[in-house]
Structure formats: structure tokens, C-alpha cells
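Take a look at the structure below.
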Amino acid sequence: MTIPAAPNDSIARAGLVYPHGTHVPGDGRLLQVAEGVFWLRMPIPFSLDHINLWVLDAGDHWAVVDTGFPSAEAKAHWRALFDAESGGPLAGKPVGRVIVTHYHPDHIGLAGWLCTRWQLPLEISRGEFMLARVLTLDTAASTPEDVIGFYAAQGWPDDAVEALRASAWGRFGRIVHRLPTGYHRLRAGDRLTIGRRQWDIVVGAGHSPEHVCLHDAADGLLISGDQVLPRITSNVSVYPTEPEADPLGDWLDSIARLKSLPAETLVLPAHNEPFFGLHARLDQLAADHHRKLEALLEACGEPLSAFDSFAILFRRAIGRDELQMATGEALAHLRWLHRRGQVEPISCDGVTRYRRLG
Ligand SMILES: [Zn+2]
């Protein structure tokens, strides 16, 4: 079965150019975006309802970049793609490589399942693999006290702390398919030969510890994962697993590094659609964080906890289910200001607030 090409229907929007306009593959379907590079959509059961995976023609096999959220629906789509009898477009040759950009469940969720089915190693960076393995092995029966203490210190109201205490723990390990015990390590600067293409591994950080992107310099393609998205701002958060981290510093450093890639690169992101305008998008992302940092610094004339700063950072109410992510994001901004000597933390009654210096 031949896989259709994505239609050329270019539109410009907010400083970016989308060469295929609003055309997207249906769930479990493929569109070709460059010779031997196929865009595969898979469903995610959340408000962000899809992920883009990338299937690369490697001659006698397929290489898969990211694997989808671990749902029965996504598995059924994979099975149909491989099924020769029903004319599955990937039937006829095996999967020969499974590459994962980072540890989030929509990316790594079915990696173990695909690696087992095709008897393959998982190719991923060390930082992402180790964090994923640690999270899957965390079998605490209830929310650990250090996690509760971490969020309480960010100024959470008592009822939110109690709800966290009562909530189930270890969700990552319950939903993500069991990962292989070992992995094949990808490092910044590695070059992968896949079919006729050479892909250089470019590593970013801030959204996750050691996020892999794949860059084909000859044809100007970047499989960017969640490191560069055209319309969504990737979550940049401090988590209880590394409470002293400065992920926004890592994120802004990564943006500066990614700007060394050519401006005319076609970006193949994990969410939304392929686009041109890599530098414009990196500039937008950096400017958005700097605007938030300025507003936050201004507000820290009165000491603020991470929870207090929601009103400054987010222009909408934060629901209970978004509380951890919003807190992590707020703390990432306060931490950035703290590390650069612009605010100081003051702890009082178990809550940390940040006050502007100078
Ligand atoms: Zn992610």
C-alpha cells in the first residue's frame, strides 16, 4: 500500500509557515512529509488529544521515533499498520529501530511493547531512560511524605494538600508498558544512519532531563519531540524528584543552542503540525518566559509563594488536576530568578515565599 503525501497547502500563521496547512493524518494513519519520512498520528485520551510519531524508511526495515500513549486504542492502530491481510501500510518489512525522544508517557508509553514485539533494544538518552525506569519502579502505596512536603511548601491550601495525601501514587508505572531492562544509549553528537538519511542527535533540556531531537542537516529536517512545538508552550517544571533544579535555565540554554540549527529547517514536532520558522518560534518561546519573569519579579515586591504566583503567570483559573503542573511551572520561574540573585526565598510556617532583592 502506498502512503499518501501530505498535501501542499501552505498557510502562514503567527510568524510560522505550515507547509501542509491544517491537513493532518487521521488517528493511526500516515502521511509522507519528505522522502521516506512519514507522519503518524496517534490518539491521547486528554484535552491535548493527539501525538505525532515519525516512521522512517530504513530500506529493509522501519525506524520508529516515539511510540504513543499506552492505550488499547493506540495498540490497535499499531497492529492495523503492521497487518498484511488488511493492507496495513507498514506490513512487508519489520520495525528495526525504536527511538524515543523523552520519558513522558505519550512518547515512551508503548516503547516496551514495540521493543518486545520486534525484539529490539530501546534507543534513548541515559537521562530519559533512567528517570523512566525510576518512575516505573516507584511502588509506594500512597503519596510519600516528602512529595506532600514539597507541594505544601509551595503554598498549597490545606484541602489541596489533603487531597494529594489521599490520591493514588505510582501512576506512571501503572500506565506505561514495562520498559526493557537495558537500553541503547543516544548521546548529543551521535549520528544515526537510517536509510539514505543521516540524523544527528541534538539534546535539549528543561521539559525533560535529556530530550533527544533528530536533525537531518542535508535536507533540513528536525524531529523535535516536545523540545520545539509551534503553538503549545512545553511544560517546564520543578518536580519533587529534583526540588533544587533550575529547568527554566536549562530550557532557555537549550533554546539558545537550538538556534545554531539553520533557520530554514522543517520542524516535525510531537504536537500540532510540521512548520517552518524554527528561529522565530524559539524567539517567541524565550520572549514569553522573559515576559513572565519580568511580571513575576515586579510582583515579588510582596513575597510570593509558587501558589500565589498563579494569578501573575496564568491568565485563567487552575483546576485541581492541573495543580502539580502549574506549581512546578511557577516554581521554575521563581527558581530562575533566585539562581540569578533577583529574589530571595523566605521560609515561614513551612511555606517558601520569594522576595525581590535590590
Ligand atoms: Zn513531553
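The values are calculated or read from the model by the stated rules, or taken from the named source; none is laboratory data. Please read these numbers as outputs of a predicted model, since none were measured by experiment. Cβ sites come from the backbone with ideal geometry, for glycine too, and all protein chains shown count toward neighbours. For accessibility, only protein heavy atoms count, side chains too; no ligands or nucleic acids. Shrake-Rupley method; radii C 1.70, N 1.55, O 1.52, S 1.80 Å.
Suppose R0 equals 30 Å. What FRET efficiency, 1/(1 + (r/R0)^6) with r the Cβ-Cβ distance, do GLU145 and LYS259 give to the nearest 0.05?
Computed FRET efficiency for GLU145 and LYS259 comes out at 0.10.
GLU35 to HIS279: extension gain in nm, 0.36 nm per residue of separation minus the Cα-Cα distance?
85.4 nm
Hey, if we sort ILE99, ILE11 by accessible area with the 1.4 Å probe, largest down, what's the order?
If we order ILE99, ILE11 from most to least accessible, we get ILE11, ILE99.
Report the full-extension gain for the segment ASP49 to HIS290: residue separation times 0.36 nm, less the Cα-Cα distance, to one decimal in nm.
Here the segment from ASP49 to HIS290 would lengthen by 83.9 nm.
Only helices at least 30 Å long along their own axis, judged from Cα atoms, and with Kyte-Doolittle mean hydropathy of 0.0 or greater: name those in the chain from DSSP H.
Sorted by number, there is nothing, because no helix extends far enough and scores high enough.
Modelled label-to-label distance, ASP159 and ARG316, 7 Å Cα→beta-carbon offset: nm?
Using points 7 Å along Cα→Cβ, the separation is 2.2 nm.
Under the 0.36 nm per residue contour assumption, what length would be gained going from the current alpha-carbon distance of ASP349 and ASP83 to full extension?
Gain in length upon complete extension: 89.7 nm.
Translational D (Stokes-Einstein, µm²/s) of the stretch 115-159 at 25 °C and 0.890 mPa s when Rh comes from the Kirkwood sum over C-alpha pairs?
Estimated diffusion coefficient is 179 µm²/s.
Return the percentage of antiparallel bridges among DSSP beta bridges fully within the chain, rounded to the nearest 5 %.
If we restrict to bridges inside the chain, about 75 percent are antiparallel.
Using amide H atoms built in the peptide plane, which far-off residues or other-chain residues are under 5 Å from LEU110 H to H?
THR67, GLY68
Express the carbon and sulfur contribution to the solvent-accessible surface of the stretch 11-278 as a percent, rounded to the nearest whole number, probe 1.4 angstrom.
The value for the stretch 11-278 is 54 percent carbon and sulfur by accessible area.
Any idea what Rg and Dmax come out to for the stretch 11-278 if you just take the C-alpha atoms, in Å?
18.9, 58
Can you give the accessible area per residue of the stretch 11-278, in Å², using a 1.4 Å probe?
That works out to 39 Å² per residue.
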